[in-house]
Protein chains: 2
Amino acid sequence: MTDQDRDLRARLVAAGVELVATGGVQALGLREIARHAGVSHGAPRRYFPTHRELLAAIARDGFGRLTDALAGADALAVGTGAGARGRLDALARAYLGFAAADPGMFELMFRHDLLEGSGAELRRTTVPLFRTFVGLVAELHPGSDDPAVATAALWSNLHGLAQLRAWGSLRLITGSEDVDPLLRAALDAHLGPAAR
Amino acid sequence: MTDQDRDLRARLVAAGVELVATGGVQALGLREIARHAGVSHGAPRRYFPTHRELLAAIARDGFGRLTDALAGADALAVGTGAGARGRLDALARAYLGFAAADPGMFELMFRHDLLEGSGAELRRTTVPLFRTFVGLVAELHPGSDDPAVATAALWSNLHGLAQLRAWGSLRLITGSEDVDPLLRAALDAHLGPAAR
DNA sequence: GAGGGCGAGTAGACACTGTCTACGTGCTCC
DNA sequence: GGAGCACGTAGACAGTGTCTACTCGCCCTC
């Protein structure tokens, strides 16, 4: 099945995914995406009434990829006999790895101004992903009063690390490009020191 | 000194600050700012060669306000006899408070795509602010090997909380609009349980 | 005091954007 | 075989950021 055979809807999303990976969010102009998909600027309108809905579809693809990446990393950790802490380490690394590998997509996924309208639906896609986090945190800290709160706090930490690295502040402050010590510190703080 | 007396440079920045507070980042069009300042769309060019430089000047104002807010909160905490932990609590609350009070400005300040070019200079303004954080963390954990790393990890957590709240994910996950438990959890995780 | 120079702001052009609308065009189905 | 229609094209429109004349008013100099 060639690129031309797929329906335009899928081709437009694929073009957006490719453009955002190479040129960042600012490369996601409506006409630019249409050009990249080889159609006129009016064509997308048939499938996406507005530019934002097209962007939302691209972001939805990103959420799907993120979910897959996390599931894959978790499965790998489970395969090596990792416990709850090891799995959380792997998930956290995968989250930051996704943000580093495709920073444009990561930015798009959390640019609520571009996704307004579809935001609620996209937010919901992160919920199941979040549940496995909560389960692991609960397993690690059986006595915790509210594992959801603890998990949300941890996730915020990961998210902040991803954002501040993208912005360049971390390098400026710690003097190093390496987020790994920061990630380790965050995980240790929230989950207790890792067993070695 | 009326608004008309100030030089246009300051008036444009003031207009931008006002617009971003009421309409968010998307209200910061070059022509929109010029209109709001009562001049033609070509006028800003004399002071800001490009739109982005004007946005950077507005963001710089935001960083100044944030610095002031944090310094004020810290001074207040010191005045009530707070120790290192109490001061960090106050600083963290002020950081999140700033982000909640002026979310548009907060977003602009970390939109590297809009500030490209002036980004490095703006990033530098956060450094002294960060140093007081590091000093307090070092005071709290004298045995820590690298307080800068621990502080950067904590700051990332605060930043992530601010971002995810703005995006709306936290409410969806914890079921509550209230970030306070999350902030408490983050501070406890990084700094140890608060002394009561 | 008259005149030249210049800083400051205006106004229009330009290429570009997202949206809207009228128009082909080729396929399907009765 | 012809009607209907899903699909994509092409142009118009208002808006954007940037660039380039152009004008106006003030200061400095002779």
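The values are calculated or read from the model by the stated rules, or taken from the named source; none is laboratory data. Since the structure is predicted, the reported quantities are computational estimates derived from the model, not experimental observations. Positions of Cβ are generated from backbone atoms using ideal geometry, with glycine treated the same way; all protein chains shown enter the neighbour counts.
Applying the condition of being within 12 Å of DNA strand D (Cβ to nearest atom), crowded, with 16+ Cβ neighbours inside 10 Å and not small (Gly, Ala, Ser) to region A:35-46 and asking which residue is nearest to A:GLY104 (Cα to Cα) yields A:PRO44.
Checking each residue in region A:7-34 for being surrounded by 14 or more Cβ atoms within 10 Å (Cβ to Cβ) and within 10 Å of DNA strand D (Cβ to nearest atom) picks out A:LEU8, A:ARG9, A:ARG11, A:LEU12, A:ALA34.
Mind checking which residues of region A:35-50 are of a type in the set (A, V, I, L, M) and either assigned to a helix (DSSP H, G or I) or on the phi > 0 side of the Ramachandran plot (or both)?
A:ALA37, A:ALA43
Here B:ALA162 does not fit the description of being crowded, with 18+ Cβ neighbours inside 10 Å, assigned to a helix (DSSP H, G or I), facing chain A (nearest Cβ under 7 Å) and in contact (Cβ under 8 Å) with a residue 12 or more places away in the chain. Do the conditions hold for B:ASP180, that is, is it within 9 Å of another protein chain (Cβ to nearest Cβ) and surrounded by fewer than 16 Cβ atoms within 10 Å (Cβ to Cβ)? So B:ASP180 fails the test.
Flag set for B:HIS141, criterion: more than 24 Å from B:LEU66 (Cα to Cα) and either over 20 Å from the mean Cα position of the chain (by Cα) or surrounded by 22 or more Cβ atoms within 10 Å (Cβ to Cβ) (or both). Got at least one residue in region A:19-34 being in a loop (DSSP other than H, G, I, E, B) and near DNA strand C (Cβ under 8 Å from one of its atoms)? Yes: region A:19-34 contains one or more residues that are in a loop (DSSP other than H, G, I, E, B) and near DNA strand C (Cβ under 8 Å from one of its atoms). Scanning region B:139-152 for residues that are at the interface with another protein chain (Cβ under 9 Å from one of its Cβ atoms), in a helix (DSSP H, G or I) and more than 24 Å from A:VAL137 (Cα to Cα) gives a single hit, B:ALA148. If you filter region A:50-61 down to residues that are away from DNA strand D (no atom under 13 Å from the Cβ) and not hydrophobic (A, V, I, L, M, F, W, C), you find that the one that is farthest from A:ASP113 (Cα to Cα) is A:ASP61. Scanning region B:70-89 for residues that are surrounded by fewer than 21 Cβ atoms within 10 Å (Cβ to Cβ) and either touching a Phe, Trp or Tyr at 6+ places or on another chain (Cβ under 6 Å) or within 19 Å of B:LEU182 (Cα to Cα) (or both) yields a count of 3. Is it true that some residue in region B:48-60 is within 12 Å of DNA strand C (Cβ to nearest atom), at pLDDT 95 or above and away from chain A (no Cβ under 14 Å)? The answer is yes, given that some residue of region B:48-60 is within 12 Å of DNA strand C (Cβ to nearest atom), at pLDDT 95 or above and away from chain A (no Cβ under 14 Å). Given the structure, is B:TRP155 buried (at least 22 other Cβ atoms within 10 Å of the Cβ) and at the interface with chain A (Cβ under 9 Å from one of its Cβ atoms)? So B:TRP155 passes the test.
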